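Here it is, the structure in full.
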Amino acid sequence: MARQSVWLADKERRRKSSQPTGLDRARITSTTVRLLDAEGLDKFSMRRLAAELNVTAMSVYWYVETKDELLELALDEVYGEVPLPHADDWQTGLRQLATWYRALLVRHPWASPLGGRYLNIGPHSLEFSRAVQHAVRKTELPPEDITGVIAAVFQFVYGFGTMEAHFLAQTTESGLTPDEYYRQSLKLFRSNEDMTQMAEETRDLVEARGTATIVEMHNRDFDFALNLLLAGIEAMRQRR
């Protein structure tokens, strides 16, 4: 049986009078997000959270029954950072949501592996999903095409944002800036005899990037790919 979502569980499992003072679910969730941002998903534990809150681990269990419930709350919390667009046209709305979603995935690298683990039916997650659906419906494509458009745009953003977050995490661990890390990696790639042919075949692609920084490269690639997707959606609208 699939794990029950925290959003479907009984919220009043214990008497309020018995709950530890100085704690509430909002404080626990915000602290969880802060720890996940600072230390990552692998190092997170209920014991570590309790120490940060200066309480016992059992105190935390008054508000959530499992670590999964807590991570589900944290994931929904960061979805609340995505502003909801008020654009009249579908392209502007989709572009804004895609850009903001990418920023969320980069800012919270732990969010992408959790995204596929839970039902994502918290209030913030549902607001985000509803905003995406409303933006896509403005394309006036038939209902059977709506989920395909959502998949094309937001699975692309999910993959792009996840890989970008992984790259930035690697640079942080190395102690180098993103640009230093890129230059050293490129130098190693070109100096490896086994990769000589590949290095030569991709020389024009590397040179085309010019003196752009890693941030500029990522932004340029993301914008071009997103424009490509939006152009494809427009072409399908015309065809329909």
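Volume per residue, Å³, of the convex hull around the alpha-carbon atoms of region 40-142?
Each residue corresponds to 108 Å³ of Cα convex hull volume.
How do the peptides 204-217, 45-58, 87-100, 66-79 rank, highest first, by the average count of neighbouring beta carbon atoms within 10 Å per residue?
Descending mean neighbour count gives 66-79, 87-100, 45-58, 204-217.
Add -39500 (n - 2.57) for each DSSP H run of 4 or more in the chain, then divide by its residues: what number comes out at 222 nm, to the nearest 500 deg cm²/dmol?
-21500 deg cm²/dmol
Here is a follow-up. With the Cα gyration tensor of the chain in hand, convert its eigenvalues to equivalent ellipsoid semi-axes via √(5λ) and list them largest first in whole Å. Walk me through the numbers on the way to the answer.
Values: eigenvalues 282, 157, 36 Å².
Square roots of five times the eigenvalues give 38, 28, 13 Å.
Carbon and sulfur together cover what percent of the accessible area of region 161-221 at a 1.4 Å probe radius? Write out the running numbers ahead of the final one.
On the way: 2420 of 4460 Å².
Percent of accessible area from carbon and sulfur atoms in region 161-221: 54.
Rounded to the nearest angstrom and ordered from largest down, what semi-axes does the equivalent ellipsoid of region 104-240 get from its C-alpha gyration tensor (root of 5λ)?
Values: eigenvalues 239, 91, 28 Å².
Its equivalent ellipsoid spans semi-axes of 35, 21, 12 Å.
Averaging sequence separations of C-alpha pairs under 8 Å and six or more residues apart, then dividing by the length of the chain, give the relative contact order as a whole percent.
18 percent
Can you work out the FRET efficiency for the pair Arg137 and Asp221, with r the C-beta to C-beta distance and R0 = 35 Å, to the nearest 0.05? If you can, show how the numbers build up before the last one.
On the way: r = 28 Å, r/R0 = 0.81.
After rounding to 0.05, the efficiency reads 0.80.
Now for a different question. Under a crude label model (7 Å from the Cα following the beta-carbon direction), how far is Val206 from Leu126 in nanometres?
Between Val206 and Leu126, the label points sit 5.1 nm apart.
May I ask you to give the solvent-accessible area per residue for the chain, in square angstrom, as obtained with a 1.4 angstrom probe? Walk me through the numbers on the way to the answer.
Values: 14310 Å² over 240 residues.
That works out to 60 Å² for each residue.
Name all residues of region 208-234 having a backbone nitrogen under 14 Å from the label point set 7 Å from the Cα of Asp145 along its Cα→Cβ direction, giving them as ranges.
Only 230-234 pass the distance filter.
The values are calculated or read from the model by the stated rules, or taken from the named source; none is laboratory data. None of these values were measured; they are calculated from a predicted model. Please note: Cβ atoms are built from the backbone with ideal geometry, for glycine as well, and neighbour counts cover all protein chains shown. Just so you know, the surface numbers come from the protein's heavy atoms only, side chains and all, with ligands and any DNA or RNA stripped out. Shrake-Rupley method; radii C 1.70, N 1.55, O 1.52, S 1.80 Å.
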